[in-house]
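> Once you've had a glance at the structure underneath, I'll fire off some questions.
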Amino acid sequence: MNFKKTINEIKSFKDNQILTNKSILEQHSRGEDYYIPKLPDAVFYANTTSDIQEVVKICARNKTPVIPFGSGTSLEGHVLPSKGGISINLSNMKKILQLNPQDLDCRVEAGVSRVLLNENIKDKGLFFPIDPGASEASIGGMAATNASGTNAVRYGTMKTNVLGLTVVMADGSIIKTGGRAKKSSAGYDLTKLLIGSEGTLGIISEIQLKLYGIPESISSAVCHFDTLEGAVRTSMEVIQYGLQVARIELIDEVQMKASIKYSKLQNFKEKPTLFFEFHGTKQSTKEQAIIAEEISQSHGGENFKWAQKTEERNLLWKARHDAYYAALSIAPNKRAMSTDVCVPISKLAECILESQNDLASNNVVAPMVGHVGDGNFHLIMLGDPNNSKEMEKLKQINDRLVKRAIHMGGTCSGEHGIGLGKKDYLKIEHPTLIPLMQNVKKTFDPNNILNPDKIVDFN
Ligand SMILES: Cc1cc2nc3c(=O)[nH]c(=O)nc-3n(C[C@H](O)[C@H](O)[C@H](O)COP(=O)(O)OP(=O)(O)OC[C@H]3O[C@@H](n4cnc5c(N)ncnc54)[C@H](O)[C@@H]3O)c2cc1C
């Protein structure tokens, strides 16, 4: 379809904010995923909520698809404009609108990144814990995918930490959901419905967030294991024991090898490893660490290696956050198909070990990282998107893994979302809910202009 009329109408009021040059279109043709890219017809850079509103009104009139674009770090074809249309880039919307230290909350524009937010609040002794590995991810994109990360085991996901939203709806109207109260029983929870809706129900322009006081004591430790099973069973037992770890991250041998090289880590071993972090008072972090070390040793873990100074800790977690790029560096011309299952903690070892056997019997090398305290792990499978045979083999491994996880009571996506790539698995996971989800979509977006093709098909 040709969207020239829409583009000309947008140009007539915001000429300098709409771009159609090839390099900009290419940047908005996919996320960090392995899908074959497709160009949008134009990219609009929004500066304000009313900019978004004006553009959505024009698109609604002309039935032109609108694809919200935060930082484009999503992994399942979320931002790929499969039906063309206007990509609305929110990266200029970077204001921290309100900071309320006494109430531990703030209001930000959608384009603020977690790193920018944390830089701006640390002098007040505050932090925002949700940390997807892509540090440039926008808070708007994180809300739209219900992102989490290494801290979720202690602090929850975006759903736990968003109090309210400002949203531009498919007809260009603006709604405000939630508020600043820490809890509310006021009617249907539209905030939570919009979180994780991947730009298919509305465009989020502002987000009210919960914040936390920086703990008195933070300590991080690394523990190497002889076997992957020992590391996984440790993480399960730590959670089952009820230890309040702030982070417990698994990195397998292949990923450790890649990370040691990529992040120039010194004194680390190419062995299955757990990264721990403990938050609390000096006394409580010490107590937690002693128990975690005892549990680790009972599963063949070595003595903990401590990173107590802020710089050492930052280095450690930067290496963890860079794990995806370290994995990509193994095969520079390939793209990553990242799996994202999440299972009940008691099933974690079984799920990981069966998946490792599947990789081995298919001769596929895939680094693995896991937010194991939540039962969530990623195989970073590397393939050439133009090599259909290779990609098919990886898809089959992912297919078996997702079905295994669902069979165990888990989910196809712990944190990355559905996008284009997991639509079939959503049908397997929630067959009876698909019609209801389609009705929700129709109610919010009757003409199917908001990020069409994602999450559920429109009937
Ligand atoms: C190296 C790496 C590590 C990662 N690690 C994690 C991790 O640990 N945990 C995790 O959860 N994810 C992780 N991800 C995935 C990704 O970072 C998250 O999904 C993130 O939340 C996407 O944010 P974004 O701003 O890049 O959104 P985008 O990719 O721009 O958009 C994602 C989706 O949200 C929609 N969207 C974006 N902004 C808005 C808005 N303002 N209003 C409405 N819809 C919007 C888009 O249309 C799209 O459907 C990782 C990705 C990479 C590349």
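> How would you rank 442-451, 16-25, highest first, on the average number of other Cβ atoms within 10 Å across their residues?
On the way: 442-451: 18.7, 16-25: 13.8.
Descending packing order for the listed peptides: 442-451, 16-25.
> Also, quick follow-up: Within 10 Å, Cβ to Cβ, of residue 168, how many net charges do the neighbouring residues add up to if Lys/Arg are +1 and Asp/Glu are -1?
-2
> Quick check: convex hull of the Cα atoms in region 203-299, volume per residue, rounded to a whole Å³?
Details: hull volume 16.1 nm³, N = 97.
With only Cα atoms used, region 203-299 gives 166 Å³ per residue.
> Another one. Where the only charges are on Cβ atoms (+1 Lys, Arg; -1 Asp, Glu), what is the dipole of region 376-459 about its Cα centre, to the nearest 20 debye?
Values: 12 positive and 10 negative charges, 41 e Å.
Around 200 debye, computed over region 376-459.
> Please list the three semi-axes, largest first and in whole Å, of the ellipsoid equivalent to region 116-181, using sqrt of 5 times the eigenvalues of its alpha carbon gyration tensor.
Three semi-axes, in Å: 23, 14, 13.
> Quick check: residue separation of residue 311 and residue 443 times 0.36 nm, minus the Cα distance between them. What number comes out in nm?
Numbers: separation 132, 0.36 × 132 = 47.52 nm, distance 4.97 nm.
Full extension of this stretch gives 42.5 nm more.
> Taking only Cα atoms of the chain, what ratio of Rg to Rh do you get with Rh as the Kirkwood inverse-distance radius?
Numbers: Rg = 22.0 Å, Rh = 22.8 Å.
We get a ratio of 0.97 for the chain.
> Which of 223, 151, 73 sits closest to the plus end of the dipole of the chain, meaning its Cα is farthest towards the positive end, when Lys and Arg get +1 and Asp and Glu get -1 on the C-beta?
Going by the Cα projections, it comes out as 73.
> Given N residues in region 351-405, what is its alpha carbon radius of gyration divided by 2.2 N^0.38 Å? Show your work: numbers first, answer last.
Numbers: Rg = 11.4 Å, N = 55, 2.2 N^0.38 = 10.1 Å.
That works out to 1.13 for region 351-405.
> Might you tell me the accessible area per residue for the chain, computed with a 1.4 Å probe and given in Å²?
Computed with neighbouring chains in place, this is 42 Å² per residue.
> How big is D for region 1-88, in µm² s⁻¹ as a whole number, if Stokes-Einstein is applied with the Kirkwood radius of its Cα pairs at 25 °C and 0.890 mPa s?
It comes out at roughly 190 µm²/s.
> Still on this model: From the alpha carbon gyration tensor of region 203-254, can you work out the equivalent ellipsoid semi-axes (sqrt of 5 times each eigenvalue) and give them in Å, largest to smallest?
Equivalent-ellipsoid dimensions as semi-axes: 30, 16, 12 Å.
> Could I ask something else about it? Arranged from highest to lowest average of other beta-carbon atoms within 10 Å per residue, in what order do the peptides 200-210, 381-391 appear? Kindly include the intermediate steps, with their values, before the conclusion.
Values: 200-210: 25.0, 381-391: 15.7.
Final packing ranking: 200-210, 381-391.
> Could you work out what % of the accessible surface of the chain is carbon and sulfur, using a 1.4 angstrom probe and leaving DNA, RNA and ligands out of the count? Please report the intermediate quantities before stating the final value.
Details: 9880 of 19430 Å².
Ligands and nucleic acids excluded, carbon and sulfur give 51 percent.
> May I pose another question? Between beta-carbons, use under 12 Å as the cut-off and find the net charge around residue 273, counting Lys and Arg +1, Asp and Glu -1.
Values: positive: 257, 269, 271, 305, 320; negative: 226, 249, 252, 253, 270, 302.
Combined, the nearby Lys, Arg, Asp and Glu give -1.
> I've got another one for you. Where the centre of each part is set by its Cα atoms, how far does region 329-353 sit from region 375-438, in angstrom?
What the calculation gives is 11 Å, centre to centre.
> Moving on. With angles folded into 0 to 90 degrees, how steeply does helix 434-444 sit against the dominant principal axis of the chain? Use alpha carbons for both and round to 10.
Here the helix axis deviates by roughly 50 degrees.
> While we're here: With +1 assigned to the C-beta of every Lys and Arg and -1 to the C-beta of every Asp and Glu, and no other charges, what is the dipole magnitude of region 1-139 about the Cα centre in debye, to the nearest 20?
Numbers: 17 positive and 16 negative charges, 127 e Å.
Roughly 600 debye, rounded to the nearest 20.
> Sort 306-313, 402-409, 49-56 by the packing proxy (mean of other Cβ within 10 Å over each peptide's residues), most packed first. Walk me through the numbers on the way to the answer.
Working: 306-313: 12.8, 402-409: 17.8, 49-56: 21.6.
Ranked by mean Cβ neighbours within 10 Å, highest first: 49-56, 402-409, 306-313.
> Further question: What's the angle, to the nearest 10 degrees (0 to 90), between helix 310-321's Cα axis and the longest principal axis of the chain?
60
> If you wrap a convex hull around the alpha carbons of region 47-128, what volume per residue comes out, as a whole number of Å³?
Values: hull volume 8.4 nm³, N = 82.
About 103 Å³ per residue, rounded to a whole number.
> Angle check, please: helix 282-298 long axis (alpha carbons) against the longest principal axis of the chain (alpha carbons), in degrees 0 to 90, nearest 10.
Helix 282-298 sits roughly 70 degrees off the main axis of the chain.
> If eta is 0.692 mPa s and T is 37 °C, what Stokes-Einstein diffusion coefficient results for region 226-352, Kirkwood Rh from Cα pairs, in µm²/s?
Details: Rh = 15.6 Å.
Once the numbers are plugged in, D ends up at 210 µm²/s.
The values are calculated or read from the model by the stated rules, or taken from the named source; none is laboratory data. As the structure is a computational prediction, the values presented were derived from the model and not from experiment. Neighbour counts are summed over all protein chains in view; Cβ atoms, including those assigned to glycine, are modelled from backbone coordinates with ideal geometry. Just the protein is used for accessible areas: all its heavy atoms, side chains included, with ligands, DNA and RNA removed. Shrake-Rupley method; radii C 1.70, N 1.55, O 1.52, S 1.80 Å.
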